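Novice: Starting off with a structure, shown below.
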Amino acid sequence: MSETARRGLGHRLLLALIAVVILLVALSIITWVWFALNAVTIVDPPPGLIGLLTARIPDGPDADLLRRGRRLVIAGDCVSCHTRMGGHPFAGGLGLPTPFGVIYSPNITGDRDTGIGDWTPDQFFAALHRGVARNGGHLYPAFPYPHFTMIPRADTDAILAYLKTVPAEHYIRSANRLPFPLDIRLSMIGWNALNFTPHAFRPDSSKPLAWNRGAYLVQALGHCGACHTPKTALGAERPDRALQGSTIDNWVAPDLTGNPRTGLGRWSAADIVAYLKTGRNARSNAAGQMAEVVSYSTSLMSQSDLAAIATYLKSLAPRPDTASPAPAAAAMRAGGAIYADACTACHLAGGRGQPGMFPPIAGSAVAQQDDATGVIHLILGGGRTAPTSAHPTFQTMPSFAWKLNDQQVADVATYIRNAWGNRASPVTADQVAAVRSKLGVWRSLSRPGG
Ligand code: HEC
Ligand code: HEC
Ligand code: HEC
């Protein structure tokens, strides 16, 4: 090869390399936007589901393994994502909507053709630990493998053994509706290269057993950070800001650190256990995506696992506090009047609430998150507290979308974020308009005269 030809080749190789790097970065960004905005749909899976998750597992040679497997499946909330409306538990087909399209969860019942009946423990471990399916295809991070990677082999074996015993259902999910290039699973190689390394859970030997159990449940199986941890520009969770609160699908999963204003600083371990077990306590009710987590996962967990989670969460150092500008006096006046008119029937004067039924707003962390999206969503769309065996009926907050225009929602939100010792950034009508249009609720009353 001549010198010029060699240089030409080197040049072309360099260009090709640059092109690949650009492509990888572009794919990562697209994937991130898709992943960051990815929504977990709240649906009502069939009532038989709780029955399946709580039925007695008969004694037998495998009983201990199966009971352990089910306990792990409950802690991982596998059922919420893998059950479609009206479908069989674990048979998949739930469409997870994204701004770019829809991704459907697969069948993880023991059906041999369409489920995981034929999967070996090695294949199952590879899916959870590395995010790689049986056919070698890369799974999308809508499946929380960045957390499940920490589940040890003994536990994935128990999970697989249990899943193979749930009623098998022959069902093939619909094809994902994703645009190019996201429909190509290879695009996940780029995302993984930048954001994900398979790893094991590392217990901290200086900490008690319960703390380590709690850390494992929160970080690995419970994938709490998938909602509660802020993301990097590429959509990976920020380890330096673990569980400090994040926005997901127009809700805010609040700060879970020891910060007394935005986090769990004022909650006792018993408060945390009560919230996770029953969906409510004297300080807050579980609504939004947390309602689903409570109904199908934490409310079915054992008291000792919940106590372990509380021990771990109570050990988290408070997130540094943020400053916020003072609200305008006019907004506080207008907001106070709206609060007195529209909110006191349930939350009472002084925002003190009727604990156990209507949560207090004075001191509420949900009300004081930096990002007001969750509060705006709640006021516009209303909310529904998770039903649990302790409280089988819904507790609902009505929607105010048709009653209050954007400015009024902004004022009352500003008010509850800054009255009674609360402190958080004021809310503008534009912020409300943005959430309203994303929620797709009726706009005609959204602006005075509009
Ligand atoms: C937040 C939603 C969510 C949760 C929680 C979840 N999954 Fe999934 N899972 C998915 C989605 C979505 C896919 C499909 C990803 C894809 O197609 O790339 C998937 C894929 C899988 C696969 C690969 C199946 C196949 O046919 O390739 C397995 C195995 C699996 N999940 C098991 C579990 C188990 C076990 C749990 C509980 C410990 C669980 N999942 C919890 C959403 C979830
Ligand atoms: C699918 C997203 C999602 C997952 C997964 C999730 N959460 Fe949440 N969580 C939320 C949202 C959203 C809220 C706010 C609920 C509300 O406004 O009523 C919340 C609220 C909470 C609260 C109450 C905070 C307060 O100040 O009122 C606690 C405690 C909590 N979550 C703990 C957990 C733990 C522990 C896990 C893991 C086992 C977990 N969450 C997993 C979305 C999630
Ligand atoms: C009919 C009773 C009712 C009325 C009226 C009502 N709410 Fe609520 N509110 C609830 C219930 C029930 C919850 C718990 C369920 C949930 O979180 O969605 C709640 C929760 C909240 C929370 C979350 C508190 C936390 O820490 O979990 C805020 C903030 C809130 N409401 C604000 C308001 C505002 C502002 C108004 C008036 C515009 C209002 N509510 C009117 C019943 C009501």
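Novice: Quick check: pseudo-label points 7 Å beyond the Cα along Cα→Cβ at residue 67 and residue 200, how many nm apart are they?
Specialist: Reported label-point gap for residue 67 and residue 200 is 2.7 nm.
Novice: Moving to a separate point now. Can you give me the angle between helix 153-163 and the longest principal axis of the chain, using Cα atoms only, in degrees from 0 to 90, rounded to the nearest 10?
Specialist: Its long axis makes an angle of about 80 degrees.
Novice: Would you kindly calculate the translational diffusion coefficient of the chain, applying Stokes-Einstein with the Kirkwood radius from alpha carbon pairs, for 37 °C and a viscosity of 0.692 mPa s, and quote it in µm² s⁻¹ without decimals?
Specialist: 139
Novice: Ok, one more. Measuring from label point to label point, each 7 Å out along Cα→Cβ, what is the residue 420 to residue 303 span in nm?
Specialist: Result: 3.1 nm between the two label points.
Novice: Taking chymotrypsin sites (Phe, Trp or Tyr not before Pro) that fall in a DSSP loop and have at most 13 other Cβ atoms within 10 Å as cut points, what is the longest piece of the chain between them?
Specialist: Longest gap between qualifying sites, sites excluded: 1-393.
Novice: Expected output is a single nm value to one decimal: the length gained when fully extending between residue 134 and residue 207, i.e. 0.36 nm times separation in residues minus the C-alpha distance. What is it?
Specialist: Working it through step by step, the gained length comes to 22.6 nm.
Novice: If you don't mind, there's one more thing I want to ask. Given Cα positions, please report Rg to Rh for the stretch 329-439, the hydrodynamic radius being the Kirkwood one.
Specialist: Radius of gyration over Kirkwood radius for the stretch 329-439 works out to 0.96.
Novice: Expressed as a whole percent, how much of the Cα-Cα distance distribution for the stretch 209-314 exceeds 21 Å?
Specialist: The share of Cα pairs beyond 21 Å in the stretch 209-314 comes to 28 percent.
Novice: For the chain, set up a Gaussian network in which alpha carbons nearer than 10 Å are linked by springs, and say which option among 155, 59, 321 fluctuates the most.
Specialist: Among 155, 59, 321, the largest mean-square fluctuation in the Gaussian network model of the chain belongs to 59.
Novice: Looking at the chain only, what percent of DSSP beta bridges run antiparallel? Nearest 5 please.
Specialist: Antiparallel: roughly 95 percent of the beta bridges in the chain.
Novice: Also, quick follow-up: Using 7 Å Cα-to-Cβ label points, what is the residue 354/residue 153 separation (nm, one decimal)?
Specialist: 5.7
Novice: Here's something else I'd like to know. FRET efficiency for residue 317 and residue 389, Cβ-Cβ distance as r, R0 = 41 Å, nearest 0.05?
Specialist: Details: r = 34 Å, r/R0 = 0.83.
Computed FRET efficiency for residue 317 and residue 389 comes out at 0.75.
Novice: Rg to Rh ratio, the stretch 46-168, alpha-carbon atoms and Kirkwood radius?
Specialist: Computed over Cα atoms, the ratio is 0.95.
Novice: Something else: Using only the alpha-carbon atoms, how far is helix 63-75 inclined from the longest principal axis of the chain? Give it as 0 to 90 degrees, nearest 10.
Specialist: Long axis of 63-75 versus the principal axis of the chain: about 50 degrees.
Novice: Moving to a separate point now. Need the full-extension length gain, residue 85 to residue 344, defined as separation in residues times 0.36 nm minus the C-alpha distance. One decimal, nm. Can you show the working numbers first?
Specialist: Values: separation 259, 0.36 × 259 = 93.24 nm, distance 3.56 nm.
Contour length minus the Cα-Cα distance gives 89.7 nm.
Novice: Rounded to the nearest 500 deg cm²/dmol, what is the calculated helix-only ellipticity per residue at 222 nm for the chain, with -39500 (n - 2.57) per DSSP H run of length n ≥ 4?
Specialist: It comes out at -12500 deg cm²/dmol, rounded to the nearest 500.
Read the figures in this text as sums done on the coordinates, not as results from a lab. Given the structure is predicted, the values throughout are model-derived calculations rather than measurements. Because the Cβ atoms are built from the backbone with ideal geometry, glycine has one as well, and the counts that use them run over all protein chains shown.
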